[in-house]
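K.L.:
This is the structure I want to talk about, given as structure tokens.
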Amino acid sequence: MHELSIVSSVVDSVTESLAAYPGARVLEVRLRVGALAAVIEDSLQFCYGIATQGTPLEGSVLVVKTLPVLMYCAPCAELVELPGLQSFTCPRCGEPVGDLRQGRELEIESFEIDEGPAAPGAQKESGVEVKL
Amino acid sequence: MTTRIVELRRGILKKNDELAHGLRERYSAAGVLVLNLVSSPGTGKTAFLERTLTELRGRGARVAALVGDLETDNDARRLAASGAPVRQINTHGICHLEAEMVAKHLEGWDLGELDYLFIENVGNLVCPSSYDLGERIRVALLSVTEGEDKPLKYPTLFNSADAAILTKIDIAEPCGFDRDLALANINRIRPGIRIFETSARTGAGLDAWLDYLGERRAERALV
């Protein structure tokens, strides 16, 4: 159960980055989590509600994108996706695989903010701006 | 309203990873081989480590250990009986060790005076796998009393290990332990991993383990 400390790190990182957007409200935070990262989405979601209370992230939505395990199979000379975590063998040729290329990710991909009423002629900073 | 998507692409455990990277460089510069021992509570990490420290000292090696638990310094006192310098890390509720805790507890130790440093993690088969402590070798332990399918139940940890230890093999038979199945399961999750079958009580399998440590340390010295 280390999801609370993971989510707390997310809150700290996003809060830190928010300093560049004064007055902004966080709508959504998107994570990329590898299937081998040893975290459970339900626990992340549960902890997120608690960890964001009283922070600029309160009320925002946590979106978790799970990344499958990708291994490099030398005999096949290509990247293969493991269908599960019960056997680290190539699903194509059946040989054992040990060269992990994806699956341990635990990162914040992006977050979405509401900067308030559109200010005409406001300078755009980095990031994708969407007006609704 | 005006919405904006801010790309971060930042590792959630970036702070821990950076600290661990710094520790790894320190260990490497000092020439000390660092191992992180991970298992469930009750697998026998402390008994295995007590024996390992004593045997290594008997071979003339300079060893030290850090041991993590939520509370008490019982394990540190047990390990210190080997004569090696030992420090207890109490996490007070946190279910794993983090690089920062390790760095803090290394203060005042001259790593250049050590050949081996063992870090006994908090007994837990899930959370420690996410936290790099800067170790060179992650060791997953499994006892004959736990069930042969544990590697399948906790693949994230067994897949991240560099070596696996079966403990308490002296009581394998009365426990009805299926050795072949356990070895096959470990290999399914971490193909080709070095596995040592040991008993801290009888000393079985210890020589192979100590030889392996010596080899890995020599390798390190060549780098």
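K.L.:
Taking the criterion of being within 14 Å of chain A (Cβ to nearest Cβ), in contact (Cβ under 8 Å) with a residue 40 or more places away in the chain and over 21 Å from B:Arg24 (Cβ atoms), would at least one residue in the range B:168-178 satisfy it?
P.N.:
The answer is no, given that none of the residues of the range B:168-178 is within 14 Å of chain A (Cβ to nearest Cβ), in contact (Cβ under 8 Å) with a residue 40 or more places away in the chain and over 21 Å from B:Arg24 (Cβ atoms).
K.L.:
B:Leu183: outside any helix (DSSP H, G or I), under 20 Å from B:Tyr154 (Cα atoms) and among the aliphatic types (A, V, I, L, M), yes or no?
P.N.:
So B:Leu183 does not fit the description; no.
K.L.:
Which pairs do you get when a residue that is touching a residue at least 24 places away in the same chain (Cβ under 8 Å), found in the range B:135-154, comes within reach of a residue that is part of a loop (DSSP other than H, G, I, E, B) and β-branched (Val, Ile, Thr), reach meaning Cβ atoms under 7 angstrom, with the pair 6+ apart or on two chains?
P.N.:
B:Leu141/B:Thr43; B:Leu142/B:Thr43; B:Ser143/B:Thr43; B:Glu146/B:Thr43; B:Tyr154/B:Val126
K.L.:
Hey, another quick one. Touching a His at 6+ places or on another chain (Cβ under 8 Å) and part of a helix (DSSP H, G or I), is that true of B:Pro151?
P.N.:
On the way: touching a His at 6+ places or on another chain (Cβ under 8 Å): no; part of a helix (DSSP H, G or I): yes.
Criteria not met by B:Pro151.
K.L.:
Report, by residue number, each residue of the range A:67-91 that is hydroxyl-bearing (Ser, Thr, Tyr) and touching a residue at least 24 places away in the same chain (Cβ under 8 Å).
P.N.:
A:Tyr72
K.L.:
Go through (1) hydroxyl-bearing (Ser, Thr, Tyr); (2) within 17 Å of the chain's Cα centre (by Cα); (3) surrounded by fewer than 18 Cβ atoms within 10 Å (Cβ to Cβ) and name the single condition B:Ser130 misses.
P.N.:
(3)
K.L.:
Let me ask another. What residue, of A:Leu4, A:Leu44, A:Leu31, is facing chain B (nearest Cβ under 9 Å) and among the aliphatic types (A, V, I, L, M)?
P.N.:
Result of the check over A:Leu4, A:Leu44, A:Leu31: A:Leu31.
K.L.:
Also, quick follow-up: Within the range B:85-105, how many residues are within 16 Å of the chain's Cα centre (by Cα) and within 14 Å of chain A (Cβ to nearest Cβ)?
P.N.:
6
K.L.:
Looking for something within 14 Å of another protein chain (Cβ to nearest Cβ) and either of a type in the set (Gly, Ala, Ser) or touching an Asp or Glu at 6+ places or on another chain (Cβ under 7 Å) (or both) - is there at least one such residue anywhere in the range B:19-37?
P.N.:
Within the range B:19-37, one or more residues are within 14 Å of another protein chain (Cβ to nearest Cβ) and either of a type in the set (Gly, Ala, Ser) or touching an Asp or Glu at 6+ places or on another chain (Cβ under 7 Å) (or both).
K.L.:
Please specify each residue of the range B:193-223 satisfying the condition of being part of a loop (DSSP other than H, G, I, E, B) and at pLDDT below 95.
P.N.:
B:Val223
K.L.:
Does B:Ile169 satisfy the condition of being in contact with a Gly (Cβ under 8 Å, 6 or more places away or on another chain) and under 17 Å from B:Leu53 (Cα atoms)?
P.N.:
Considered against the rule, which asks whether it is in contact with a Gly (Cβ under 8 Å, 6 or more places away or on another chain) and under 17 Å from B:Leu53 (Cα atoms), B:Ile169 comes out as no.
K.L.:
Check B:Ile189, B:Ile165 and return the single one that is among the aliphatic types (A, V, I, L, M), within 14 Å of chain A (Cβ to nearest Cβ) and surrounded by 23 or more Cβ atoms within 10 Å (Cβ to Cβ). Can you show your working first?
P.N.:
Numbers: B:Ile165 fails: within 14 Å of chain A (Cβ to nearest Cβ).
From the options B:Ile189, B:Ile165, the qualifying one is B:Ile189.
K.L.:
Please find, among B:Ala204, B:Ala182, the residue that is in contact with an Asp or Glu (Cβ under 7 Å, 6 or more places away or on another chain), of a type in the set (Gly, Ala, Ser), away from chain A (no Cβ under 11 Å) and surrounded by fewer than 19 Cβ atoms within 10 Å (Cβ to Cβ).
P.N.:
Unique residue meeting the criteria: B:Ala204.
K.L.:
Of the residues in the range A:86-97, how many are surrounded by 14 or more Cβ atoms within 10 Å (Cβ to Cβ) and either touching a Gly at 6+ places or on another chain (Cβ under 9 Å) or more than 9 Å from chain B (Cβ to nearest Cβ) (or both)?
P.N.:
4
K.L.:
Still on this structure: For the range B:192-201, enumerate the residues that are crowded, with 18+ Cβ neighbours inside 10 Å and more than 30 Å from A:Leu100 (Cα to Cα).
P.N.:
B:Ser199, B:Ala200
K.L.:
Would you check which residues across the range B:178-209 are in contact with a strand residue (DSSP E or B) (Cβ under 8 Å, 6 or more places away or on another chain), among the hydrophobic types (A, V, I, L, M, F, W, C) and more than 18 Å from B:Leu37 (Cα to Cα) and list them?
P.N.:
Scanning the range B:178-209 gives B:Ala182, B:Leu183, B:Ala204.
K.L.:
I'm checking my understanding of the structure. Among residues of the range B:84-104 that are touching a Gly at 6+ places or on another chain (Cβ under 9 Å) and farther than 21 Å from B:Leu125 by Cβ, which one is surrounded by the most Cβ atoms within 10 Å (Cβ to Cβ)?
P.N.:
Across the range B:84-104, the extreme among qualifying residues is B:Gln88.
K.L.:
Filter the range B:55-81 for residues that are surrounded by fewer than 18 Cβ atoms within 10 Å (Cβ to Cβ) and within 18 Å of B:Ala204 (Cβ to Cβ) and give the result. It would help to see each step written out before you state the result.
P.N.:
From the range B:55-81, those surrounded by fewer than 18 Cβ atoms within 10 Å (Cβ to Cβ) are B:57-60, B:62, B:70-74, B:77-78, B:81; that's our starting set.
Those that are surrounded by fewer than 18 Cβ atoms within 10 Å (Cβ to Cβ) and within 18 Å of B:Ala204 (Cβ to Cβ): B:Gly58, B:Arg59.
The values are calculated or read from the model by the stated rules, or taken from the named source; none is laboratory data. In this text, all values refer to a predicted model and were calculated from it rather than measured experimentally. Quick reminder, even Gly has a Cβ in these numbers, built from the backbone with ideal geometry, and neighbours come from all protein chains shown.
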